1. Taking the mean number of other Cβ atoms within 10 Å as a proxy for protection, how do you rank 82-94, 29-41, 4-16 from highest to lowest?
2. With a Förster radius of 22 Å, plug the Cβ-Cβ distance of Phe52 and Leu79 into 1/(1 + (r/R0)^6) and report the FRET value to the nearest 0.05.
3. Using the basic label-point model (7 angstrom from Cα toward the beta carbon), what is the Phe3 to Lys89 distance in nanometres?
Amino acid sequence: MFFICMLMPASISILIEKRIIKKELSNSDLILKYLFYTFIITTIMNTFIYIFSSDNYLYYQNSTFTYDFCLKYMWLSLLLAIFLPFLFKVVNANIDINLEIRKKRKNEKKKNKKKRSNKKSNKNN
């Protein structure tokens with residue numbers, strides 16, 4: 001049950017994201033997204049467990065994975081798995097980061113050296 005609880009919700013997130021984006025992704029992109037969703041969902045769910053659990057386990061115990069616990073965990077992680085692709089789509093649509101990297105050309109370097117040498121010669125005069 002441990003592996004089903006941890007690994008299944010991310011596949012649902014991938015399925016929903018593929019339907020939202022409506023374009024084919026390569027296998028490597030799907031694997032990376034699956035790992036990303038697995039990490040995010042597991043981290044959020046572990047935080048919930050730590051905050052709301054009466055025992056505050058720092059690690060999982062076999063006694064933790066009762067039928068009742070797994071049922072609650074799966075329903076909450078399913079809701080999270082459905083919600084996250086929509087959240088990431090909204091964030092991705094509204095936040096845009098552009099990086100511009102310029103490489104100096106040789107001519108620009110020579111011009112800058114000439115300007116510096118002219119400024120130094122003018123200061124000396």
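Any read-out appearing in this document is the output of simple, stated calculations on the displayed coordinates, not a laboratory observation. Since the model is a prediction, treat every value here as computed from it, not as a measurement. As a convention, Cβ positions derive from the backbone with ideal geometry for all residues, glycine included, and neighbour counts pool all protein chains shown.
1. Most protected by this proxy first, the peptides run 4-16, 29-41, 82-94.
2. Taking R0 as 22 Å, the efficiency between Phe52 and Leu79 is 0.90.
3. For the pair Phe3/Lys89, the computed spacing is 3.1 nm.
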